[in-house]
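For reference, the structure is listed below as structure tokens.
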Amino acid sequence: MIDGSPLHHEIAKLIATAGPMPVWRYMQLCLTHPRYGYYIAHDPLGREGDFITAPEVSQMFGELVGLWAASVWREMGSPPALHLIELGPGRGTMMADALRALRVLPPLYQALSVHLVEINPVLRDKQHETLVGMRNVHWHTSLDDVPRGASIILANEYFDVLPIHQMVKREDGWHERTVELDAAGKLMFGVAPEPVPQFDVLLPPLVRAAPVGAIFEWRPDSEIMSLATRLRETRGAALIIDYGHVRSDAGDTLQAIARHSFADPLQNAGEADVTAHVDFQALARAAEDVGACVHGPVTQGEFLQRLGIDARANSLMAKASEEVAEGIKAAKARLISGGRGGMGAMFKVLGISDPSLPMLVGFADEDPAAGAAS
């Protein structure tokens, strides 16, 4: 990558003309600019891309998510028509693995219509290739475009790319963090001169007590509230898997990733994935505000073990060569383990459902799905 990408220059011109822009607007342009946005013009996934998601690590991930959906469908009363919706489906890998697992339940498989919410034309093409031959698959640019009806919604690494507001605490209150130009014309972080009136009234207690200089990140509630409202209307459920923290607190988590390494989020705009950690407490609070029921969050490692990843891995290894079996073992460890390279502790899983549904599988200490994938 060369510093000074086309989008970098576009953003610099905007700031020179209109003044500093809030962080949320900068992040939005980096990811979804109609010509140069990262999620408009790139395939970011896999070893040749910038990062690897859990479905790309192992087929077990998508298979277990599929079996989770089957369990929810039964709790919904086995409706004869079901929308299986995925937000930000990547290359379609998770959906393909989930659908393969669901073939063992013909009544459910026949009831399905699959709806993929995707704005990236490059990834849409990949999804078409991955899901070729699959029946009743539809693409949309927004959840609002998906037809109403009994629904199960899946969102793996979706909420982390929704733009964040960053607020900086000063002596006189909380100020919006901005992106502006330094004397040499390079992008730099700044702070709006005037505080946001009464902003501290809306803050969680932990953040209200933060010291001067602290940064607080927040996302608008509209996306999660729309999702939760749909679930209330359709007696459905959602599974949200992402990296983040379980309680609202101060901290700067804005980051950029390129070629599997961290990068400066203010350089090479549009050429790196710009994300921020998900505040799961804020998601849960917003869903509850519209009357939905919240399950978890639990760690990804706990969730997959409760769904039966050990049994599924053993089943696959029993039929594999020694070399392939070692790969399956390593993939399972990456999905459920903490520590360096592990996804099991950093990633959290949140369930949201209509209150009429019981506790969703994977969120209770019991393990009713263990072995179901074998």
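The values are calculated or read from the model by the stated rules, or taken from the named source; none is laboratory data. What you are looking at is a predicted structure, and each value in this text was computed from that prediction instead of being measured. Note that we place each Cβ from the backbone using ideal geometry, even for glycine, and neighbour counts take in every protein chain shown.
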Item to complete: Could you please find all residues in region 125-136 being touching a Phe, Trp or Tyr at 6+ places or on another chain (Cβ under 9 Å) and either under 15 Å from A69 (Cβ atoms) or surrounded by 16 or more Cβ atoms within 10 Å (Cβ to Cβ) (or both)?
Response: Q127
Response to the item:
A careful count of residues in region 141-178 that are more than 30 Å from P80 (Cα to Cα) and not hydrophobic (A, V, I, L, M, F, W, C) gives 13
Discussion item. Given the criteria out of contact with any strand residue (DSSP E or B) (no Cβ under 6 Å at 6 or more places or on another chain), part of a loop (DSSP other than H, G, I, E, B) and at pLDDT below 95, does G213 qualify?
Written reply: no
Worksheet entry | Subset of region 128-164 [of a type outside the set (V, I, T), closer than 13 Å to M95 by Cβ and either in contact with a helix residue (DSSP H, G or I) (Cβ under 8 Å, 6 or more places away or on another chain) or assigned to a strand (DSSP E or B) (or both)] | L131, M134, H138, W139, L154, A155, N156
Fill in: Unmet requirement for E194, which otherwise passes all of (1) in contact (Cβ under 8 Å) with a residue 60 or more places away in the chain; (2) over 30 Å from M76 (Cα atoms)
(1)
Worksheet, complete the sentence: Note on region 94-108: residues surrounded by 16 or more Cβ atoms within 10 Å (Cβ to Cβ) and either among the hydrophobic types (A, V, I, L, M, F, W, C) or more than 26 Å from I52 (Cα to Cα) (or both) are M94, M95, A96, A98, L99, A101, L102, L105, L108
Practice prompt. Tell me the strands (runs of 3 or more DSSP E) entirely within region 255-305 that contain at least 1 residues that are among the hydrophobic types (A, V, I, L, M, F, W, C) and under 18 Å from R25 (Cα atoms).
Written response: 255-258, 273-275
Fill in: Close pairs from region 217-246: first closer than 18 Å to H165 by Cα, partner part of a helix (DSSP H, G or I) and not β-branched (V, I, T), Cβ under 6 Å, at least 6 apart
D221/A286; I224/L283; I224/A286; I224/A287; M225/A286; G244/F280
Worksheet item: Is it the case that V179 is crowded, with 18+ Cβ neighbours inside 10 Å and not in a strand (DSSP E or B)?
Response: no
Practice prompt. Please work out which residue is surrounded by the fewest Cβ atoms within 10 Å (Cβ to Cβ), limiting yourself to region 74-93 and to residues that are hydrophobic (A, V, I, L, M, F, W, C) and out of contact with any strand residue (DSSP E or B) (no Cβ under 6 Å at 6 or more places or on another chain).
Written response: A81
Practice prompt. Return the only residue of V290, V274 being at pLDDT below 95 and on the phi < 0 side of the Ramachandran plot.
Written response: V274
